[in-house]
Every structure is written in C-alpha cells, then in structure tokens.
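The values are calculated or read from the model by the stated rules, or taken from the named source; none is laboratory data. The structure displayed is predicted, hence computed values, not measured ones. No Cβ is skipped: glycine too gets one built from the backbone with ideal geometry, and neighbour counts run over all protein chains shown.
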Amino acid sequence: MKILIIGGVAAGAKAAAKAKRLLPEAEVHIYTQDSHVSYSSCGLPYYIAHDFEDWHKLVVRTKEEFEKSGINIHIKHRVNKILPGDKKILVKDIPSGNCFFAEYDKLIIATGSVPLRPNIKNFDLKNIFTVRTLEDGINIREAMDRSENITIVGGGYIAVELVEAFVKNKKNVTLVERSAFVMPAFDEDISSLIQTFILENSDNLVKIVNDDIVTEFVGEDSVKGVLTSKGYGFETDMVVVAAGVTPVVDIAQEAGIELGQTGAIKVNSRMQTNLTDIYACGDCVEKINMISDTPMWLPLGSTANKEGRVAAINACGGVEDFEGILGSAVLRYHALNMSMTGLTEKSAQKLGYDTVSVVITKRDRAGYMPEVQNVTLKLVADRRSHKILGAQAIGCGDADKRVNTVSVGLLSNMRVEDLLDVDLTYAPPFSTSIDILISAARILKSKLN
C-alpha cells in the first residue's frame, strides 16, 4: 500500500508515524512545502521570548529520524493538484522548479492553516511578520532583539503570548484589537479582567487600542509607523500580524472535496472526505462541537494530533472514530492562567440556549498556604435542562485544573446538580475544602431554581 500525506506538522506527522506502525510494509510519504516536519508551532512564542535559546528543541522528530523509520519525507515540495480519478497528486519541487506526479492508494490531507492577511495598505514592507513556521519564529526573535517599539495586530491567543514574550525582553508594545477587549474568545466579563491584568502587569510597556483596526503600514522600505481606521497613528520598528488563521483548502476544493459550513474540509467521524480513499485531518478540517452537535472550526495542536491518528487508523483499514471537540484551551500571561472549555455564554446564546451563568472568585487552596492565589471561574448552564454548557477560568492559581474537570463532565452531559456530587480531592496545598467548582455549582443551582 502507498499512503501519501500532504502536510507534515502536527496532524500529518502523526498520521505518518501511526500508519507506518500499523502497516510496516506500507510506502508512506509526506510532502510539505515547509523546511521542517513535526515541529511545535505552539512553542514559537516561548522561543521568541528567549525562554530557551535553541530552536531545534521545537522539532519533535527530524526528517532523518522519520526516514530511519522508513517514512519518506519531501520537504520544500508543494502539492499543486489532487487528481482523485487517477489517484495521483501533482507535486512541485520548489528549489528546482520540477513537477512530477505521485500515485497513491490512500491520501491524507493535512494542509493545516495559514495566518490571515488583513486588507492593510503596504503589508509587504520589511519587518512585518506573521507567525506560522519555524522560520517565522526565528525571524521575529531576531527582529525583536534589534527593535524597541513593536506593534501587534490582533488580540487572540498568539497575540497575548507574543505580548508576554516582548514584555519579558523590555520592549514597548502597542496591540490593536478590533474587539472591545483582548481575548474575545472569552465572554466580555472575563476578557475585560484579562485585559486589566495585562495592562497592570506589564511595567508600563503595553498599550492596547480597542475597537479599532489597522488600515495602513507606513514606511518606504521597512515599516516605520502604523495608522488605524480611527485616525490613530504611532511609530513602530516592527509589526507582528496575529489576526487569526484560515484553513488551507484550495487544492482539496479544486479536486471536488466538499467543504463544510465553516469553510474547512468536511469529514465524517473517521476523517473521511466525500471522495473515496481520501482522508483529511488537523487545522484544515471542520470539527463537531460535542455539546451543541454543530459544525465548528478551531485549530488546536492537540486536536490535530488526535485526528492524524484516527485518519491513519482508518486509512490503514482499521476502524476508529473521532467524535468531536469541546473547544478546550489554555494560555498564560506571566502569572495569569486563562482556560476555557465548552460553550461561552455568548456562543451558547447564538446557538439558541437559554443560559444561566455565575462568576465567582475564590482562593485555589487553603488561605494559610504561602502559595495561595485567586481563581475567577465562570460556569454556564442551560436553564431548561440544567446541563452544564461550559466553563471559563482565569487567575494566578490553578485555573486550568478546574476547567479540565468541567471538560470531563461535559462529555457525560453533566448537570449542575451532578457537579455538586463530584468527589474532588482536597488537601490544603491543593484546594479549599469546598472547591471553587462546588461553590459555583451551588450558586448556579440556586439561580436555576
């Protein structure tokens, strides 16, 4: 059997490794236009921050390691076309310019996502960056080291992680976000707290411009300034555009592969597309929200690895399902941990739920312990069924521990009343005798009743 994989970062690399383990005699090939395979793009902000100095540590498995296990790696090779009728792909060797066809028995598409390029005048000036590849991270860190004033366009996960990286290196940062607060994936009552923390814990190095968008970069050769739609202008030495990402679906769509409602590739629970012997996984595919049972698109490395594994199992003749996601995520800004799972209140209301929520702040462990910190938790439930819909938690304490607990409950359609019966661990260094989750559930039950 000949298995071809388009893309080699998280989902593609995982699919290749799993396929080779399942079918040792199979011929497995990865085609990627990147210079590297199997690296942690999620680690780029921490490399940029100088948390560690060797970017090679971000490489999970090298090209040579893959090839030693019998997997053929073709870096700097772009797949230009899929010919499903002939079971071939058209590949371009980027350095040489040569094109050739490669035949497959099974094809796995793991083309991932690419950074959005907003419609900003003079986007192609020097010292304007997006964040995706190892080379991007290396170039951003080098530019940061020679800059004093840095602009970030966007206020989501990567943007906030980059603010932390730049502040650690004593750079002046201006962040422009079109929403009312940074981290708009959270509900506003939580994202407003996040923004306040960032501004109060940045040594006066951070300025946040909300409810505005960048319309023009100013400069002749390299960027020297930024203009916004509201007429705000300021100088800058470099810019990082972190305004979101979009799935790479062009070659799939041209081949007749169906896209879903979100614009990503539509697959079933076995990662099969609508075309025979073609699978897709990772950031390029649409997911199912396991709470609302509706399509969603959320690019996460953890999900990509799971999907790559499932795609390989089914491509190799096995049977395994990937049922969907909850949207669980976590990040930090210095000491502040931010985590969420399931539906936010605003997303639940858009889906038609009649929501009831509670926001409380409580210590994460016994008050007399020296390491005690606060956690603010938001719990969202459905008024009719009392079913928990999601949780958001932020704080300098163990916020993600509470969110991970809720994520397990969401898988079993846990009701607010059920959460009250959860037997959580307790000892003074780890929690309070009545954990913040139980306290939130009690208040939420009262509101529901």
- Query: Are there any pairs with C-beta distances below 9 angstrom linking a residue in region 155-174 that is charged (D, E, K, R) to a residue that is in a strand (DSSP E or B) and buried (at least 24 other Cβ atoms within 10 Å of the Cβ), with the two at least 6 apart or on different chains, and if so which?
  - Reply: K171/I150
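Mind checking whether some residue in region 77-85 is more than 28 Å from the chain's Cα centre (by Cα), in contact (Cβ under 8 Å) with a residue 12 or more places away in the chain, surrounded by 14 or more Cβ atoms within 10 Å (Cβ to Cβ) and at negative phi? Lay out the reasoning, then the answer.
Step one: filter region 77-85 for residues more than 28 Å from the chain's Cα centre (by Cα), giving 83-85.
So of that shortlist, the ones also in contact (Cβ under 8 Å) with a residue 12 or more places away in the chain come out as 83-84.
Now drop any that are not surrounded by 14 or more Cβ atoms within 10 Å (Cβ to Cβ), which leaves 84.
Checking which are at negative phi leaves us with 84.
Yes, region 77-85 has at least one match.
Quick test for you: out of V406, V372, V380, pick the one residue that is within 22 Å of V182 (Cβ to Cβ) and assigned by TED's automatic domain parsing to the domain that holds T432. Let's see the steps before the verdict.
Values: V406 fails: within 22 Å of V182 (Cβ to Cβ); V372 fails: within 22 Å of V182 (Cβ to Cβ).
When all the criteria are applied, what remains is V380.
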- Message: If P95 meets every condition in (1) in a strand (DSSP E or B); (2) not assigned by TED's automatic domain parsing to the domain that holds E188; (3) not small (G, A, S) apart from one, which number is that one?
- Response: (1)
- Message: Within region 417-429, does at least one residue satisfy the condition of being part of a loop (DSSP other than H, G, I, E, B), in contact with a Pro (Cβ under 7 Å, 6 or more places away or on another chain), more than 20 Å from D187 (Cβ to Cβ) and not assigned by TED's automatic domain parsing to the domain that holds D187?
- Response: no
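From the residues in region 207-232 that are basic (K, R) and in contact with an Asp or Glu (Cβ under 9 Å, 6 or more places away or on another chain), which one is surrounded by the fewest Cβ atoms within 10 Å (Cβ to Cβ)?
Residue satisfying both the conditions and the ranking: K230.
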- When region 282-304 is checked residue by residue, the ones that are surrounded by fewer than 19 Cβ atoms within 10 Å (Cβ to Cβ), part of a helix (DSSP H, G or I) and touching a residue at least 60 places away in the same chain (Cβ under 8 Å) are G301
- For E64: the one exception among (1) surrounded by fewer than 14 Cβ atoms within 10 Å (Cβ to Cβ); (2) more than 21 Å from the chain's Cα centre (by Cα); (3) not in a helix (DSSP H, G or I): (3)
- Search region 150-191 for residues being surrounded by fewer than 22 Cβ atoms within 10 Å (Cβ to Cβ) and of a type in the set (G, A, S), and hand back the single one that is nearest to V223 (Cα to Cα). G156
- Hey, I138 surrounded by fewer than 21 Cβ atoms within 10 Å (Cβ to Cβ) and not acidic (D, E) or not: yes
- Number of the exception - I278 against (1) β-branched (V, I, T); (2) over 26 Å from the mean Cα position of the chain (by Cα); (3) assigned by TED's automatic domain parsing to the domain that holds I108: (2)
- Item | Hits in region 40-61 (condition: aromatic (F, W, Y), touching a residue at least 40 places away in the same chain (Cβ under 8 Å) and surrounded by fewer than 19 Cβ atoms within 10 Å (Cβ to Cβ)) | Y46, W55
- Given the conditions (1) within 30 Å of K92 (Cβ to Cβ); (2) outside any loop (DSSP other than H, G, I, E, B); (3) out of contact with any Cys (no Cβ under 7 Å at 6 or more places or on another chain), which single one is not true for G308? (3)
